[in-house]
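Structure first, commentary second.
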Amino acid sequence: MSARRILIVNLTRLGDLLQTSPTVAGLRALHPDAEITLLAEKNFAEVCEAIPGVDRVHRIDLDHLGHLLLAGGSRVGEAFHFVRNTVAELRAGRFDLALNFSSSRMSAVLLGLLDIPDVRGWSMTSDGFRAIQTPWARLFATLCLNRRVAGFNLVDCYRGVAGCLSTATPGLSFTVSDAARARVATRLDAAGIAAGARVIALQLGASRAVRRWPIESFARLAHELAGDGKRIVLVGGGGERALAAELLQACGSCATPLVDLCGQTSIQELGALLERCALLVTGDTGPMHMAAATRTPIVGLFFGPALPFDTGPYGTDHVVLHAGVSCAPCDHAVHCLDPFCRRTITAELVASVVRARLAADWSSLAEIGTALAARAPVRLYRTGFDARGLFDCPVLGTVLARPEDELRRAYRATWLTLLEGVPLPGARSTGLVDVAPFAALAELARLGTELTARLDRLVIDAARSLDAVQRVGREIEVLDRAIGEHGRVHPDVAVLTQMFAFEKETMPGEDLAGLTKESARLYRDLCRSADCMQALLGGSGAVGEVDHASIRQ
């Protein structure tokens with residue numbers, strides 16, 4: 001069914017908004033006559049205006065709302081009027097489809113107030129509970145809690161929620177204006193960088209200190225590259241100015257001077273600047289996604305909570321170095337007292353990768369990757385897309401597989417089978433993953449199907465079988481706790497048990513008969529997913545026919 005008015009909610013930062021652009025393109029292909037509105041935080045609205053396919057940008061000033069609430073007193077009344085007016089303005093848009101990519105409770109409440117018939121992502125039920133609508137949104141939430149084996153890039157999760165995974169995507173998109181290009185050209189010319197010069201950009205900052213590569217490492221890298229005659233430009237926002245000053249002091253003896261443009265570019269000018277660069281060296285940051293959108297090659301430095309498989313640069317032929325230490329990826333809430341993972345990626349290594357990538361020397365990059373495998377936890381990955389147009393991130397070089405590699409591969413194939421109807425590939429057992437927990441989970445799920453079948457028979461004559469209905473209900477409660485505990489004891493199956501828990505929370509139906517049928521479906525789906533994982537990991541899981549229509553509900 002074609003939508004006429006579509007609302008996309010993404011109340012996050014620069015990078016997340018840029019990663020929404022393939023979804024906008026997919027929605028435009030599926031609904032060519034629809035009006036697409038993007039609701040964004042006021043501070044980042046500029047980026048939305050340059051995303052192709054967006055018809056209207058609705059700005060919301062969350063800083064102002066927070067200020068009113070924190071002030072208290074009479075200002076709380078102002079905050080109420082602010083929210084009421086925002087809801088009224090959005091309801092006036094008469095949207096028939098909404099995609100909420102922000103997982104906050106605030107955004108869920110907002111979507112619950114808008115009375116939009118088709119809401120996908122985070123919303124609020126009529127009785128005040130937060131609900132995650134559609135399987136792809138629930139899978140996205142599940143993978144956020146199990147990132148070690150996350151098999152899909154954030155962008156593809158967005159596309160899955162929107163139902164446009166089958167549409168072609170060129171990658172991230174951002175329209176750079178000619179005026180911004182002219183302003184950047186003037187600044188570079190004033191810094192002695194002529195048109196056509198090969199410029200390397202360095203992005204020093206990140207949202208948290210644990211996500212930043214040390215300044216001393218950037219300094220050694222700058223000395224190496226300046227020694228090659230490369231011109232280096234520092235990019236980023238005003239928050240990076242102190243870091244840039246520290247780096248400039250450390251690089252006073254560089255063969256060529258560094259050009260500091262931190263905090264001196266608008267979002268449009270950042271796009272124009274990166275467009276001029278031959279390569280960007282960066283952590284997992286907003287400018288990294290801007291570089292991907294402007295087709296600038298990237299050498300990404302991933303450590304701490306950063307993981308190339310789910311937030312890597314969405315494009316072709318970028319190189320990501322990942323510090324795959326035993327505790328990676330750490331949780332976003334972790335405050336590490338010794339982020340040693342950052343030190344495993346050395347300046348000399350990055351310099352060699354930058355030189356090879358500038359030369360598009362993939363054989364040398366593969367050799368570097370193979371050599372690293374013998375002496376360091378760092379791996380090199382080359383970004384691209386698989387035959388279905390989904391983001392892929394194969395390792396460069398010859399390396400030994402890890403259990404998380406096998407789990408990630410199997411989970412990716414399982415969900416594509418269950419959610420998109422893709423045929424299940426053949427088994428590829430390495431013996432790295434114990435399939436017994438998956439077999440045990442399948443048995444628990446089969447017990448669930450038996451219990452719901454008993455309950456369904458009893459519900460028909462519930463008036464005379466109330467005690468029996470209650471007994472089976474209690475057995476199902478015990479079983480669900482056992483399934484959850486199984487996932488906590490055996491982390492390899494946690495993706496399946498968490499997805500099951502999210503699905504249970506959002507079961508449609510209000511009468512006992514309807515809820516019983518929905519529960520039966522969820523147990524069948526859990527059994528199928530566990531069987532798929534067994535089969536893919538070389539176990540003996542018997543994968544029956546998958547009811548794709550029921551799973552997509």
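The values are calculated or read from the model by the stated rules, or taken from the named source; none is laboratory data. Just so it is clear, the structure is predicted and the values come from calculations on it, not from any experiment. Every residue, glycine as well, gets a Cβ built from its backbone with ideal geometry; the counts of neighbours run over all protein chains shown.
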Original post:
ALA168 versus (1) buried (at least 16 other Cβ atoms within 10 Å of the Cβ); (2) under 23 Å from the mean Cα position of the chain (by Cα): which is the lone unmet condition?
Top reply: (1)
Original post:
Before we move on, is VAL155 modelled with pLDDT under 95, closer than 30 Å to LEU407 by Cα and not in a loop (DSSP other than H, G, I, E, B)?
Top reply: no
Subject >> Identity of the residue in region 375-397, basic (Lys, Arg) and at pLDDT below 95, that ends up nearest to ARG138 (Cα to Cα) >> reply: ARG388
Original post:
Only one of (1) modelled with pLDDT under 95; (2) surrounded by 19 or more Cβ atoms within 10 Å (Cβ to Cβ); (3) more than 23 Å from GLY192 (Cβ to Cβ); (4) not aromatic (Phe, Trp, Tyr) is not met by GLU240, so which one is it?
Top reply: (3)
Subject >> One residue from ASP511, ASP525 being more than 17 Å from ILE132 (Cα to Cα), without any contact (Cβ under 8 Å) to a residue 60 or more places away in the chain and surrounded by fewer than 24 Cβ atoms within 10 Å (Cβ to Cβ) >> reply: ASP511
**OP:** From the list ALA131, ALA137, pick out the single residue that is within 22 Å of ILE6 (Cα to Cα), in contact with a strand residue (DSSP E or B) (Cβ under 6 Å, 6 or more places away or on another chain) and outside any helix (DSSP H, G or I).
**Re:** ALA131
Original post:
Regarding ALA150, is this residue in contact (Cβ under 8 Å) with a residue 60 or more places away in the chain, surrounded by fewer than 24 Cβ atoms within 10 Å (Cβ to Cβ) and of a type in the set (A, V, I, L, M, F, W, C)?
Top reply: no
Original post:
Do the conditions hold for TYR381, that is, is it of a type in the set (Phe, Trp, Tyr), in a loop (DSSP other than H, G, I, E, B) and in contact with a strand residue (DSSP E or B) (Cβ under 7 Å, 6 or more places away or on another chain)?
Top reply: no
Subject >> Qualifying positions in region 466-512 - within 28 Å of the chain's Cα centre (by Cα), not in a helix (DSSP H, G or I) and not hydroxyl-bearing (Ser, Thr, Tyr) >> reply: HIS490, MET507, PRO508
Original post:
Across region 189-218, what is the number of residues that are surrounded by fewer than 17 Cβ atoms within 10 Å (Cβ to Cβ) and outside any helix (DSSP H, G or I)?
Top reply: 10
Subject >> Options ALA29, ALA45, ALA50, ALA25; residue that is closer than 25 Å to PRO313 by Cα and either among the basic types (Lys, Arg) or assigned to a loop (DSSP other than H, G, I, E, B) (or both) >> reply: ALA50
Original post:
Only one of (1) within 29 Å of GLY304 (Cα to Cα); (2) buried (at least 17 other Cβ atoms within 10 Å of the Cβ); (3) of a type in the set (A, V, I, L, M, F, W, C) fails for CYS254. Which number is that?
Top reply: (1)
Original post:
Within region 323-363, how many residues are assigned to a helix (DSSP H, G or I) and free of Cβ contacts under 8 Å to residues at least 12 places away in the same chain?
Top reply: 1
Original post:
Taking TYR314, is it crowded, with 21+ Cβ neighbours inside 10 Å, modelled with pLDDT of 95 or more and assigned to a loop (DSSP other than H, G, I, E, B)?
Top reply: yes
Original post:
Which one of ASP127, ASP118, ASP156 is farther than 26 Å from THR417 by Cα and among the acidic types (Asp, Glu)?
Top reply: ASP127
**OP:** Output the residue which, of all residues in region 117-146 that are under 19 Å from GLU406 (Cα atoms) and under 10 Å from the mean Cα position of the chain (by Cα), is surrounded by the most Cβ atoms within 10 Å (Cβ to Cβ).
**Re:** LEU143
Subject >> Subset of region 432-465 [charged (D, E, K, R) and either part of a helix (DSSP H, G or I) or touching a residue at least 12 places away in the same chain (Cβ under 8 Å) (or both)] >> reply: ASP434, GLU443, ARG446, GLU450, ARG454, ASP456, ARG457, ARG464
**OP:** All but one of (1) more than 30 Å from GLN498 (Cα to Cα); (2) assigned to a helix (DSSP H, G or I) hold for THR37, so report the exception by its number.
**Re:** (2)
Original post:
Can you tell which of LEU400, LEU372, LEU337 is aliphatic (A, V, I, L, M), more than 30 Å from ALA530 (Cβ to Cβ), surrounded by fewer than 16 Cβ atoms within 10 Å (Cβ to Cβ) and modelled with pLDDT under 95?
Top reply: LEU337
Original post:
If a residue has to be surrounded by 16 or more Cβ atoms within 10 Å (Cβ to Cβ) and free of Cβ contacts under 8 Å to residues at least 12 places away in the same chain to count, how many in region 56-71 make the cut?
Top reply: 0
**OP:** Among residues belonging to region 413-449 that are under 27 Å from ASP386 (Cα atoms) and of a type in the set (D, E, K, R), point out the one that is surrounded by the most Cβ atoms within 10 Å (Cβ to Cβ).
**Re:** GLU420
**OP:** Filter region 73-118 for residues that are in a loop (DSSP other than H, G, I, E, B), under 22 Å from ILE132 (Cβ atoms) and either free of Cβ contacts under 8 Å to residues at least 40 places away in the same chain or hydrophobic (A, V, I, L, M, F, W, C) (or both) and give the result.
**Re:** PHE95, PHE101, LEU114, ASP115, ILE116, PRO117
